[in-house]
1. Quick one: which of ASN106, ASN98 is away from the ligand (no atom under 11 Å from the Cβ), at pLDDT 95 or above and farther than 18 Å from ALA20 by Cα?
2. Tell me the strands (runs of 3 or more DSSP E) entirely within the range 196-298 that contain at least 3 residues that are open to solvent by less than 80 Å² (accessible area, probe 1.4 Å).
3. Suppose we filter ALA103, ALA157, ALA136 for residues that are at negative phi, in contact with a Pro (Cβ under 6 Å, 6 or more places away or on another chain) and open to solvent by 10 Å² or more (accessible area, probe 1.4 Å); which single one remains?
4. List every residue pair whose Cβ atoms lie under 6 Å apart, where the two residues are 6 or more positions apart in sequence or sit on different chains, the first residue falls within the range 18-38 and is at negative phi and of a type in the set (Phe, Trp, Tyr), and the second residue, located anywhere, is more than 10 Å from the ligand (Cβ to nearest atom) and open to solvent by 30 Å² or more (accessible area, probe 1.4 Å).
5. Go through the range 6-58 and give me each residue that's more than 8 Å from the ligand (Cβ to nearest atom), buried (at least 20 other Cβ atoms within 10 Å of the Cβ) and among the small types (Gly, Ala, Ser).
6. On the given criteria, is ARG237 within 30 Å of ARG21 (Cα to Cα) and in contact (Cβ under 8 Å) with a residue 24 or more places away in the chain?
7. Taking only the range 160-189 into account, find how many residues are open to solvent by less than 10 Å² (accessible area, probe 1.4 Å) and not in a strand (DSSP E or B).
8. Pairs please, first residue from the range 213-234 and among the aromatic types (Phe, Trp, Tyr), second anywhere and in a helix (DSSP H, G or I), Cβ atoms under 6 Å, 6+ apart in sequence or on different chains.
Amino acid sequence: MTDQAILVTGAAGFIGFHVARQLLGEGRPVVGLDNLNSYYDPALKQARLDLLRNDSRFSFVQADLADRDTIAALFARHGFAKVVHLAAQAGVRYSIDNPHAYADSNLQGFLNVLEGCRNNFCRHLVYASSSSVYGANTKLPFAVQDRTDHPVSFYAATKKANELMAQSYSHLYRLPVTGLRFFTIYGPWGRPDMAMFLFANAIMANRPIRLFNHGRMRRDFTYIDDVTRVVSKLIDRVPADEPAAANAPSRVYNVGNHHPEELMHVVALLERELGRTANKELLPMQPGDVLETFADVEDLMRDTGFAPSTPIEHGVRNFVTWYRDYFKV
Ligand SMILES: NC(=O)c1ccc[n+]([C@@H]2O[C@H](COP(=O)([O-])OP(=O)(O)OC[C@H]3O[C@@H](n4cnc5c(N)ncnc54)[C@H](O)[C@@H]3O)[C@@H](O)[C@H]2O)c1
């Protein structure tokens, strides 16, 4: 049986929530899956789910991707033709002390998704990779063809592993797969462990904000609405199978704004929008961090006619408007 519904894993998470909302808005039914873990406040995940549940075409399954039997049964029951796999243990710094959380969700969980797709005739798996696969590369911008075999965190190693696992399934079982290397996604309903959210919390509580490498860092901040647009376009752009050319139906794209921002500039924008001055604590570089990220999005542009471009000023304003409303501050 093939289900019309699209499976979105990590649907209670930041990006999964927005992607599910986008697809529902396009009239497409969505089955959302999440284990609602407490890596960050589950109340935020519940609040996102509450919004999704307003749409009758949304249904939710609470399950752990690492639970092989449950995931196999879910895929067998639905036979999803399209899968957007966004659930993962995210975060670079947390992986230093908690590597097993990454092995369970990002390796075992990813394999269970691949097996579900392979055994149930999935026609396209779109999955999240990360800009962290570029490690400490110094050639800018980061291009998909660049080397990505020297990760500087275990999180990045699991994301690179996902690309290789997907490639092998695509080759062996002709499973069409599209990997998305996300570059620092931000916006309303964002992730509380990420810099912009942490800075906003600290500024509002009059606590110092911690700026590593003394604030001398640049990030290719990418606005969430651009990301959902990319995902929506790519779901229907199934990579072609070209056995004659020995090519597996597999693609990887950078999803970034291709416009790195100085961290200090982002702090200044937050100060302006929040109407408060940040107390800045300048700290040395941390293990696992990189100095700059910058996406080459030529492939994305060529294949979809679109690339993220929301200016940071606009995105920060929308984030702060949501933040004030959500926390009533
Ligand atoms: N936000 C970014 O800037 C960014 C950058 C690069 C890559 N990514 C990747 O994009 C994807 C989505 O990230 P996000 O920012 O929305 O993170 P998020 O933590 O907000 O969302 C991930 C969701 O997956 C769920 N989850 C985790 N492990 C699970 C498991 N074993 N079983 C079921 N559910 C599980 C979590 O409960 C969470 O709701 C992740 O794969 C992440 O690695 C995000």
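The values are calculated or read from the model by the stated rules, or taken from the named source; none is laboratory data. Small disclaimer: the values here were computed from a predicted structure and weren't measured. As a convention, Cβ positions derive from the backbone with ideal geometry for all residues, glycine included, and neighbour counts pool all protein chains shown. Accessible surface is based on the protein model in full, side chains and every heavy atom, while ligands, DNA and RNA are left aside. Shrake-Rupley method; radii C 1.70, N 1.55, O 1.52, S 1.80 Å.
1. Exactly one residue qualifies, and that residue is ASN98.
2. Numbers: elements: 208-211, 250-255, 279-282.
So the answer is 208-211, 250-255.
3. ALA157
4. none
5. ALA20, GLY32
6. yes
7. Total satisfying the criteria: 6.
8. Close Cβ pairs satisfying both conditions: PHE221/ILE312; TYR223/GLY315.
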